[in-house]
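Structure first, then comments.
The values are calculated or read from the model by the stated rules, or taken from the named source; none is laboratory data. It should be emphasised that the depicted structure is a prediction, and the values quoted were computed from it without experimental measurement. Cβ placement follows ideal geometry from the backbone for every residue including glycine, while neighbour counts extend to all protein chains displayed.
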Amino acid sequence: MNVYDFDNTIYRGESSLDLFFYYLKKNPSLIRYFPKAIVGIIKYKLGMVQIDGLLNNYAVLAEDFLRGIKTLDEDMEEFWDKQMHKIKPFYLAQQQEEDLIISASPDFFLEVLFRRIGIKNFIGTTVDMEKGKVKFVCFRENKIPAFQSRYPNAKIENFYTDSMNDKPLMDIAKNVFLVRGNRIKQIKP
């Protein structure tokens, strides 16, 4: 099985940040979330935030943000209409039916894009949309039990990521590829 991280791996950029800017254009009052969101993304990328910290400091922010959205389904369609071009060509060229995408991004957010490009297997952060509550954060070491519970007998042949935050998945993959922009370098044979 080929497994891919999403943001900065097959998607050029941070999709959650792009989504934030999409909503900021629709509702400029959301600027109040910007400083904390930027700090959170920087800490995430630098590996400075643990799952507990993510839940305590940022899940509440995301939940508050989500509760204010009234047209989510339509917004997701419109967002991906504008962002489809950010899927990296290398991925589209090698995409296979059994690929798995595993991401910290929310599953409701990824579902629209993946339906469009034919990805059937994905795991993301789980959100109870009726309550506006984050149920599971698919981040760092949490990706392992999420993967193993959904695919108990699967082996990761090739794993693609942009970040050492995915070290737990790197450890169980046969081959690991580091993606930087459009460059791909095998770091584990």
(request) Please find, within region 143-157, the residue that is nearest to Gly124 (Cα to Cα) out of those that are surrounded by fewer than 11 Cβ atoms within 10 Å (Cβ to Cβ) and free of Cβ contacts under 8 Å to residues at least 24 places away in the same chain. (result) Ser149
(message) Cβ-Cβ distance below 6 Å, separation of 6 or more or different chains: which pairs start in region 67-92 with a residue that is touching a residue at least 40 places away in the same chain (Cβ under 8 Å) and end on one that is outside any loop (DSSP other than H, G, I, E, B) and of a type outside the set (D, E, K, R)?
(response) Phe79/Tyr22; Lys86/Tyr11
(request) Consider Lys131 carefully, then state whether it is of a type in the set (Lys, Arg), within 16 Å of the chain's Cα centre (by Cα) and not in a strand (DSSP E or B). (result) no
(message) Just to be sure I understand, how many residues within region 119-132 are of a type in the set (A, V, I, L, M) and at pLDDT 90 or above?
(response) 2
(request) Kindly state which helices (runs of 4 or more DSSP H) lie completely within region 32-118 and contain at least 2 residues that are modelled with pLDDT of 75 or more and not β-branched (Val, Ile, Thr). (result) 34-45, 72-83, 89-94, 107-117
(request) Considering every residue within region 119-128, establish whether at least one is of a type outside the set (A, V, I, L, M) and more than 27 Å from Lys43 (Cα to Cα). (result) yes
(request) Would you mind stating whether Phe122 is part of a helix (DSSP H, G or I) and surrounded by 17 or more Cβ atoms within 10 Å (Cβ to Cβ)? (result) no
(message) Of everything in region 158-189, what is basic (Lys, Arg), exposed (fewer than 13 other Cβ atoms within 10 Å of the Cβ) and under 18 Å from the mean Cα position of the chain (by Cα)? Give them in sequence order.
(response) Arg180
(message) Is it the case, given these coordinates, that Val127 is surrounded by 12 or more Cβ atoms within 10 Å (Cβ to Cβ), among the aliphatic types (A, V, I, L, M), over 13 Å from Asp5 (Cα atoms) and touching a Pro at 6+ places or on another chain (Cβ under 9 Å)?
(response) yes
(message) Please verify whether Asn175 is under 18 Å from Lys88 (Cβ atoms) and touching a Pro at 6+ places or on another chain (Cβ under 8 Å), treating the condition exactly as stated.
(response) no
